[in-house]
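The values are calculated or read from the model by the stated rules, or taken from the named source; none is laboratory data. As the structure is a prediction and not an experimental result, all values here were calculated from the model. Cβ placement follows ideal geometry from the backbone for every residue including glycine, while neighbour counts extend to all protein chains displayed. Note: areas computed on protein heavy atoms with side chains; ligands, DNA, RNA excluded. Shrake-Rupley method; radii C 1.70, N 1.55, O 1.52, S 1.80 Å.
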Amino acid sequence: MGLRLRAATVRGPGHIADGLPNQDAVLIRHGRRDWLAVVADGMGSRRQAALGARAACTAVRRAVREQSFDSDDHTLIRAVYSHWLDHLAQRRVLPADAVTTCLFAWGLPDGRFRLLQLGDGLILGHPEPVHGLVQRPGGVFSNETTGLGLSRRYADWHGRRGRLDRRGDGLLLMSDGLSEDLVRTDGLVLAVIASLRGRGARSARAALGRELHAWPTPGHSDDKSLAVIYRT
Amino acid sequence: MAIKDFAMTTARPLPVLILADTSGSMAADGKIDALNQALRDMVQSFAAESRLRAEIHLGIITFGETAQFYLPFTPAHRLTGIDACNAYGSTPLGAAMELARGLLEDRDLIPSRAFRPVLVLASDGHPTDDWETPFQTLLASERAQKATRYALAIGNDADEMMLREFHNDAESTLFHADDARSIIRFFRAVTMSVANRSRSQNPAQSAPIDYRKAGNNPDELDLDF
């Protein structure tokens, strides 16, 4: 039984019109020891949002490299945050200028995984109970979120552990450019996996990118990112 | 099935909620007529706005003797007009604020994908009920506190201290309407600001409100009578 990781990120129409870079970042890594998928969404109002999002991907990659898979959430969160701050400090960027959300899935070849999310976006899984793991925190409106550089509380993070056991089991990690405009989520994981079946990494990225570029919600302007992990 | 089959087919809502004083004192000096005209113009303008980037949703709460949803929260493009309000009775602003808070906290009516709401208060007098407790509750509430709030003081008897406290838009100040035309001008300025925001690349950010520009209506005879 194998595992596939696929991802795509596209610049939103708003950023294209304003000549701004993609302020989302995605990272997927599939090694012999473990696998990792990260989605980060830099807060558009901050000057170094794009850098902050890329730094989040790097920080998570470094954190999982040095941490045991069995480490507790607090230890892992602290490691991610420390690496993110170090990355910014080396570039003399203030954390407040690079605020970013951070969602990641870290797993082992046997299918076990752990999830962590700070800020907007959505992690979905098939089968449940991972389904709809992290909803938007209550009390906010569109484009208002917390993230690295803002949050100082472990409680702002949402974590879960689970297992991808069977063929077709999967996870989706997405930025709020997608999650805020979903009319429903039931069946989405399976639909995405089905659309990627039989495609290689490059073909899958291109196919996902086309879907994200052609997003049909009127007025959508955000960058959009999606990472997919599924059993084959 | 493609991913796009899971996507919303409507733009994100941009909620606008008006708290309109329709107490008995508004009957004097043509104030209620001007308010009705201003609301009619606002409805007409919002209904004609493009829904390309954001969909304006409008609600009106009146407070004259009682507080009530005069216009339930409605997508503006579905509005064809609005009945005129009558001026009558006391000024139960506290009750109106309670209704406003309840609406802004209702995630079914205003989903979390909505942009930060705009809350407009227009009043010509002093509240006759306890408004401070409901106002503090609104300020402490999870979502309602995040609304951008504009206030209009109508005439010399308006409770300016209360209205100044209500107004929270950093880019503008409390607007004074000394005559009926100024009421219309204020609402025109709010309408232009909301419309600009709904058309902008980022409707999450407030658009500046410009009272001076709102005075230039090419369709209006510039006569004082």
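Kirkwood hydrodynamic radius, computed over distinct alpha-carbon pairs, for chain B: how many Å, to one decimal?
17.7 Å
Could you check what % of the DSSP bridge pairs in the protein assembly as shown are antiparallel, to the nearest 5?
70 percent
Which value in Å does the Kirkwood hydrodynamic radius of the range B:13-60 take, with 1/r averaged over all unlike C-alpha pairs and then inverted?
12.1 Å is the Kirkwood radius here.
Where nothing but the Cβ of Lys and Arg (+1) and of Asp and Glu (-1) is charged, how large is the charge dipole of the range B:10-215 around its Cα centre, in debye to the nearest 20?
About 1280 debye.
Scattering from the C-alpha atoms of the range A:3-231 alone, worked out with Debye: what is log10 I(q)/I(0) at q = 0.13 1/Å?
-0.70
Comparing A:Asp41, A:Asp86, A:Asp222, which has the greatest mean-square fluctuation in the GNM of chain A with Cα pairs linked when under 10 Å apart?
A:Asp86
Go through B:Lys146, B:Lys31, B:Lys4 and list them by solvent-accessible area, largest first, probe radius 1.4 Å.
B:Lys4, B:Lys146, B:Lys31
Using only Cα atoms, figure out Rg for the range B:68-115 and give it as a multiple of 2.2 N^0.38 Å.
1.39
Evaluate the range A:11-113: find the radius of gyration of its Cα atoms, find its Kirkwood radius, and give the ratio Rg to Rh.
1.02
Can you give me the Rg/Rh ratio for the protein assembly as shown, using Cα atoms for both radii and the Kirkwood formula for Rh?
Looking at the protein assembly as shown, the ratio lands at 1.05.
Would you mind getting the accessible area per residue of the range A:3-231, heavy atoms of the protein chains only, 1.4 Å probe, in Å²?
41 Å²
Which ³J(HN,Hα) values in Hz, rounded to whole numbers, follow from the phi angles of the range A:205-221 under the Karplus curve 6.51 cos²θ - 1.76 cosθ + 1.60, where θ = phi - 60° and Gly and Pro get x?
Rounded to whole hertz, the list is 4, 5, 5, 5, x, 4, 4, 6, 5, 8, 4, x, 5, x, x, 5, 9.
Consider all pairwise Cα distances in the range B:88-199 and report the whole-number % of them above 22 Å.
35 percent
Any idea of B:Thr62's accessible area? Nearest 10 Å², probe 1.4 Å.
B:Thr62 has an accessible surface of roughly 0 Å² with all protein chains in place.
Give the carbon-plus-sulfur fraction of the accessible surface of the range B:10-215 in %, rounded to a whole number; probe 1.4 Å, heavy atoms of protein chains only.
47 percent
How many square angstrom of accessible surface are buried between B and A, both sides summed, with a 1.4 Å probe and rounding to 100?
Chain pair B/A: roughly 2700 Å² of buried accessible area.
Could you give the size of the charge dipole of the protein assembly as shown about its Cα centre, using +1 on the Cβ of each K and R and -1 on the Cβ of each D and E, expressed in debye and rounded to the nearest 20?
Its charge dipole is roughly 3820 debye.
What whole-number value in Å² describes the accessible area per residue of the range B:10-215 for a 1.4 Å probe?
41 Å²
Between B:Glu165 and A:Gln67, take the C-beta separation as r, use R0 = 45 Å, and let me know the FRET efficiency to the nearest 0.05.
0.35
Please report, as a whole percent, how much of the solvent-accessible surface of chain A comes from carbon and sulfur atoms (probe radius 1.4 Å).
47 percent
Filter the DSSP H helices in chain B by two things, a Kyte-Doolittle mean of at least -0.5 and an axial alpha-carbon span of 24 angstrom or more, and list the hits by number.
Membrane-span-like by this rule: B:31-48, B:180-199.
Work out the charge dipole of the range A:3-231 with +1 on the Cβ of Lys and Arg and -1 on the Cβ of Asp and Glu about the Cα centre, then indicate which of A:Trp215, A:Gly31, A:Val60 is farthest towards its positive end.
The listed residue farthest towards the positive side: A:Gly31.
Taking amide H atoms as placed 1.01 Å from N in the peptide plane, list the residues 5 or more away in sequence, or in a different chain, whose amide H sits under 5 Å from that of B:Arg12.
Those lying under 5 Å, H to H, from B:Arg12 are B:Glu55.
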